[in-house]
Amino acid sequence: MKKLAIIAIIAIAIVSIDGQADAPVVAQTIRADGTTNTWTQAELQTALGLVNRMYWRDMETTAGRERWHGKRVGAPRLDTNLCIQVWQYADGFAWTNAWTRPKSQMEREAEAAAREAARREAEFARLTNAVPGIVAQILAEREAASRTNVVTEVVGP
C-alpha cells in the first residue's frame, strides 16, 4: 500500500512538472547556493501572496515590525489631540497606534449576552432544521418559554 501511494505521489509530481514546463518563465532569481531559480507567472503570484500575508501577520507585533523595518528609533511621538502614538523605525517606516477606550463592565456583559443569544439561536436553528412542522412549533414554544422570566408570587394568609 505504501509503495502504491509513493508511486502515485511521484506520478502527480511528474505531471505537475510537465504542466509547468509549458508555462513561460517570467522571472529568475539566484538561490543561496548560486543556482538559478526560474518562476512562472502562477508561481510568482503564489509566492508574492505568501510574502504579503507573512508581512501583515508580522506587522501586528513589535518584533515583526523590527524584523522588516529595523529597530525603533527614538521615543514615540504622542498626539493627544488625535489620540495616537507614532513609532519611527530605522528605515523611515512609521507605525501608528490609536488609543482605545477600555470597555466598561456593562458593555462587556451586554456583548456576552448578545453572543449567548446568537449561540442559542444558532443551536435552535440547528435543532429545527429538517424537522416536521409540528415538532418545530413545539421546539419554538419551548424556546420562547425558556426566554420568558415569569415570577408568580402568592400572597395570602
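The values are calculated or read from the model by the stated rules, or taken from the named source; none is laboratory data. This is a predicted model, so every value here is computed, not measured. Backbone-built Cβ (ideal geometry, glycine too); neighbour counts: all protein chains shown. Side chains are part of the model used for accessible areas, which takes the heavy atoms of the whole protein and leaves out ligands, DNA and RNA. Shrake-Rupley method; radii C 1.70, N 1.55, O 1.52, S 1.80 Å.
Could you give the accessible area per residue of the chain, probe 1.4 Å, as a whole number in Å²?
Per-residue accessible area for the chain comes out at 82 Å².
Rank these by accessible area, largest first, 1.4 Å probe: Arg31, Arg67.
Arg67, Arg31
Mean Kyte-Doolittle of at least 0.5 and a Cα length of 27 Å or more along the axis: which whole DSSP H helices of the chain meet both?
Going by DSSP H runs, the hits are 2-21.
Where the centre of each part is set by its Cα atoms, how far does the range 79-141 sit from the range 47-64, in angstrom?
Using only Cα atoms to place each centre, the spacing works out to 25 Å.
By its C-alpha gyration tensor, with a ≥ b ≥ c as the square roots of the eigenvalues, how is the chain shaped: rounded for a/c under 1.5, else prolate for a/b larger than b/c, else oblate?
It comes out oblate by the Cα gyration axes.
For Ser146 paired with Ala63, estimate the spin-label separation in nm (one decimal), with each label point 7 Å from Cα along the Cα-to-Cβ line.
Placing both labels 7 Å along Cα→Cβ, they lie 4.4 nm apart.
Ignoring ligands, DNA and RNA, please state the percent of accessible area on the chain from carbon and sulfur, probe 1.4 Å.
Ligands and nucleic acids excluded, carbon and sulfur reach 62 percent.
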